[in-house]
Amino acid sequence: MITPIIREATIKDAPGIATVHVKMWQKAYRSLVPDFFLDQMSIKNKIDKWLEILRNPKEGVKVFVAEADNTIVGWVSGGKNRDEDLTPDIGELFGIYIHPDWQGRGIGSALLENFLGFLRGEGYSKATLWVLDTNEKTRSWYESKGWKLEGNKKTEAKAGFDLHEIRYIIDLKE
């Protein structure tokens with residue numbers, strides 16, 4: 001197991017975050033979303049998106065990176081929950097991604113634990129996340145980390161297809 005350096009992201013991390021974002025989508029979602037969508041994903045476009053996020057952070061939202069061998073190998077983001085049906089004491093994990101070449105080395109677990117510690121420090125009692133309902137591998141990983149299927153569902157329209165997601169929850173006080 002590699003022990004990555006986990007730290008809050010800075011603007012200079014945007015290219016590394018974008019690379020992990022695109023590479024992970026293209027691997028993990030290959031059989032779950034249409035190939036045309038994955039094939040058109042652009043690291044340059046994601047860099048622009050991440051530069052915007054990191055330059056103009058939203059209140060209560062943080063992005064952390066995992067760095068190994070002076071390379072961004074993973075990231076996690078979240079904080080204040082975006083779901084209107086939840087109380088303010090429930091935080092949210094927006095996303096966690098590990099570069100495909102670095103998976104299976106404990107980096108995701110380390111990032112997740114760091115992020116849940118951040119949420120606890122912010123006073124959240126629980127946290128939620130959304131995951132593709134067909135993404136069995138990721139759902140199993142979350143469940144192995146103590147997340148429980150909460151049951152709410154949502155559909156996100158993309159260009160030419162829909163993403164069907166389900167919500168998970170974890171008690172941060174346990």
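The values are calculated or read from the model by the stated rules, or taken from the named source; none is laboratory data. Just so we're clear, the structure is a prediction, and the values are computed from it rather than from any experiment. All Cβ positions, even for glycine, are placed from backbone atoms using ideal geometry, and neighbour counts span all protein chains on display. Ligands, DNA and RNA are excluded from the accessible area calculation, which covers all protein heavy atoms including side chains. Shrake-Rupley method; radii C 1.70, N 1.55, O 1.52, S 1.80 Å.
Quick rundown of the values:
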read-out: Ordering of 130-142, 29-41 by burial proxy (mean other Cβ atoms within 10 Å per residue, highest first); value: 130-142, 29-41
read-out: Percentage relative contact order, region 49-156, counting C-alpha pairs under 8 Å, at least six apart; value: 21 percent
read-out: Total charge dipole magnitude, region 46-155, about the Cα centre, Cβ charges on Lys, Arg, Asp, Glu only, Debye to nearest 20; value: 40 debye
read-out: Highest average packing first - 143-150, 86-93, Cβ atoms within 10 Å; value: 86-93, 143-150
read-out: Amide H contacts of residue 124 (H built 1.01 Å from N, under 5 Å, at least 5 apart or other chain); value: none
read-out: With every protein chain in place, the chain: carbon and sulfur % of accessible area (1.4 Å); value: 50 percent
read-out: Neighbourhood charge, 13 Å Cβ-Cβ cut-off, centred on residue 42 and excluding it, Lys, Arg +1 and Asp, Glu -1; value: +2
read-out: For residue 100, net neighbour charge (Lys/Arg +1, Asp/Glu -1) across residues whose Cβ lies under 13 Å away; value: +4
read-out: 30 Å Cα-Cα threshold exceeded, pairs from 12/154; 49/126; 23/173; 12/148; 126/153; 23/158; value: 12/154; 23/173; 12/148
read-out: Residue-span extension gain [residue 27 to residue 173] - 0.36 nm each, minus C-alpha spacing; value: 49.2 nm
read-out: Sites residue 48 and residue 109, calculated FRET efficiency, Cβ-Cβ separation with R0 30 Å, nearest 0.05; value: 0.50
read-out: Förster-model FRET efficiency, 30 Å R0, residue 159 and residue 85, C-beta, rounded to 0.05; value: 0.65
read-out: Separation of the residue 137 and residue 37 label points, Cα + 7 Å toward Cβ, nm; value: 1.7 nm
read-out: Region 1-105: relative contact order as a whole-number percent, Cα under 8 Å and 6+ apart; value: 33 percent
read-out: Accessible surface, per residue, of region 20-146 when the full set of protein chains is kept, probe 1.4 Å, Å²; value: 51 Å²
read-out: Global form of the chain, assessed from the alpha-carbon gyration tensor, a/c cut-off 1.5; value: rounded
